[in-house]
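Beneath this line is the structure, given in structure tokens, with notes to follow.
Values in this text are rule-based calculations from the coordinates and carry no lab data. Computed from a predicted model, the values in this text were never measured in an experiment. Cβ: placed from backbone, ideal geometry, glycine included. Neighbour counts: every protein chain shown.
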Amino acid sequence: MAFPTEIFGDIIVVHTPEELGADQGDALAAQIPSLDRRCIVLDMDTTETIDSKGLATLLDVQEKVRDAGGEIKITTTNASNRKILEITRFDQQIEVFDSMVDAVRSF
């Protein structure tokens with residue numbers, strides 16, 4: 001399973017699926033290292049459900065990207081996603097933006 005992407009210069013935007021759980025997390029973890037960019041924005045606007053495996057995958061992917069000299073940022077306007085990221089303090093680990101344009105520009 002490959003997630004849709006968009007390229008903006010040195011930055012790649014990966015659009016996450018409606019559900020980010022174990023299966024989708026594994027697919028995301030497999031796809032990220034194959035991307036030819038180190039600056040990655042995860043667009044989670046269409047993601048409705050994130051479980052603990054999805055959050056763990058995001059942290060693992062972030063660590064691998066940082067080890068390779070890159071950076072991951074998240075964009076979402078979904079209120080549920082924002083609340084999950086705040087409650088888990090995930091938003092203190094990875095920058096979260098309201099718009100994809102702002103996230104891309106932040107690089």
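Label 7 Å along Cα→Cβ of residue 8; region 26-45 residues with amide nitrogen under 18 Å? Only 36-45 fall inside the zone, counting backbone N under 18 Å. Taking a point 7 Å out from the Cα of residue 56 in the direction of its Cβ, the residues of region 7-39 whose backbone N falls within less than 14 Å of it are 21-27, 29.
Within the listed set 59, 20, 28, the residue fluctuating most in the Gaussian network model of the chain (springs between alpha-carbon atoms under 10 angstrom) is 59. As I understand it, the dipole of the chain uses +1 on the Cβ of Lys and Arg and -1 on the Cβ of Asp and Glu, about the Cα centre. Which of 65, 16, 3 lies farthest toward its positive end? Value computed over the given set: 65. Across the chain, the volume of the C-alpha convex hull divided among the residues equals 86 Å³ per residue.
Within straight-line reach of residue 73, meaning a Cα separation under 17 Å, sit the following aspartates and glutamates at least 8 residues removed in sequence or on another chain: 6, 10, 36, 43, 45, 60, 63, 86, 91, 95, 98, 102.
Amide H to amide H, with H built 1.01 Å from N, residue 71 comes under 5 Å of 39, 40, counting only residues 5 or more places away or on other chains. Charge dipole (Cα centre; +1 on Lys/Arg Cβ, -1 on Asp/Glu Cβ; no other charges) of the chain amounts to roughly 260 debye. Antiparallel beta bridges, as assigned by DSSP with both residues in the chain, represent about 20 percent of the total such bridges.
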